[in-house]
Amino acid sequence: MDNNQLHPDSLLVSSGRPHGHGAPLNHPPIFASNFVIGNGEELEYARDGSNQSWSGFETLVSDLEGGGMSTSFSSGMAAISSVFQNVPNNGNVALPTDCYGGVVALVNEGKENQQWNVKRIEAGDTKTWIEVIEKGYDLVWLEGVTNPMVEVSDIETICKTSRPANTLVCVDCTFSTPLNLQPLKKGADVSVHSATKFFGGHSDLLLGVVTTKNEELHKKVQRHRQIHGALPGAMETFLAIRGSRTLALRLERAQQNALILAERLNNHPAVMVTRYPGLPSHPQQVR
């Protein structure tokens, strides 16, 4: 059966595995920097390409995203940086007012170095997001669910907006995971994850991943990984694949527990404000 026909829960169990008779069921971690030179098509030096430790995880993420090409990195911020390197000097960047602190630090550094111009937009201000896309901002950075204040943007409406060729729309889906949001299917150019979080699931790895359907952008991202040395570790990608096998079960329980906790806190006299997208009181309620 084609992977596109499989439910995401099934993909989590079946995708990213070796093929062929006699192959191991799981990709083993390959601890190697150099490889035997062959006919020129095989990997010769780890930094110059991928190996099975990484490619298994990248295949899994691509399948979960509904297609595209994935590139794994040594951390979520390494993955994010590979996207920002596409912004030209004096380029324009838009990102949410509530946004992951690492991204804010990266953007502020670029602004201080007069590398780019920055506009901050409320996550729920769909009208302004559409305006900056139509104006041709070089990078429009969204978060599926913002970190840390769990605000929600209308990703589908924003991402389907017609835009100039220079504009990249990227969605950080770390909090959403591909089980809740597949931005490439909504019209985004790039999807980013800190696999350190839900994919790994056990607080024992650092890993990031970028997925796009744009082949030229994919090559740029891979080139950035190569020349900046932001390679994932063999053990980290092995652990990420293993952690991903239980993602559906873990995420379902986490969401159930979060809603129960949010409802209790929302009714607690000592709590002034409870922020959770599943509550009716949330400004962008999601059910």
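Please treat every number below as a calculation from the coordinates, not as lab data. Remember, predicted model here, so these are calculated numbers, not experimental data. Don't worry about glycine lacking a Cβ; one is built from the backbone with ideal geometry, like all the others, and counts go over all protein chains shown.
Yes/no per residue for (1) of a type in the set (S, T, N, Q); (2) touching a residue at least 60 places away in the same chain (Cβ under 8 Å):
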{"position": "Glu131", "(1), (2)": "no, no"}
{"position": "Asn166", "(1), (2)": "yes, no"}
{"position": "Leu181", "(1), (2)": "no, no"}
{"position": "Lys186", "(1), (2)": "no, no"}
{"position": "Ser191", "(1), (2)": "yes, yes"}
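In the set (1) farther than 24 Å from Leu179 by Cα; (2) out of contact with any Ser or Thr (no Cβ under 6 Å at 6 or more places or on another chain), the condition left unmet by Pro29 is number (2).
Of the residues making up the stretch 190-209, not a single one is within 20 Å of Asn4 (Cα to Cα), among the basic types (Lys, Arg) and out of contact with any Lys or Arg (no Cβ under 7 Å at 6 or more places or on another chain). Can we say Thr177 is of a type outside the set (Asp, Glu), crowded, with 17+ Cβ neighbours inside 10 Å and in contact with an Asp or Glu (Cβ under 8 Å, 6 or more places away or on another chain)? The answer is no for Thr177. Mind listing just one residue for me: the one in the stretch 181-237 that is among the basic types (Lys, Arg) and surrounded by fewer than 22 Cβ atoms within 10 Å (Cβ to Cβ) and, of those, nearest to Met69 (Cα to Cα)? Restricting to residues being among the basic types (Lys, Arg) and surrounded by fewer than 22 Cβ atoms within 10 Å (Cβ to Cβ), the top hit is Lys213.
Output yes when any residue across the stretch 257-276 is over 30 Å from Arg17 (Cβ atoms) and in contact (Cβ under 8 Å) with a residue 60 or more places away in the chain, and no when none is. Yes, the stretch 257-276 contains at least one residue that is over 30 Å from Arg17 (Cβ atoms) and in contact (Cβ under 8 Å) with a residue 60 or more places away in the chain. Screening Tyr100 against (1) surrounded by fewer than 22 Cβ atoms within 10 Å (Cβ to Cβ); (2) in contact with a strand residue (DSSP E or B) (Cβ under 9 Å, 6 or more places away or on another chain); (3) more than 19 Å from Gly187 (Cα to Cα) leaves a single unmet condition, (1).
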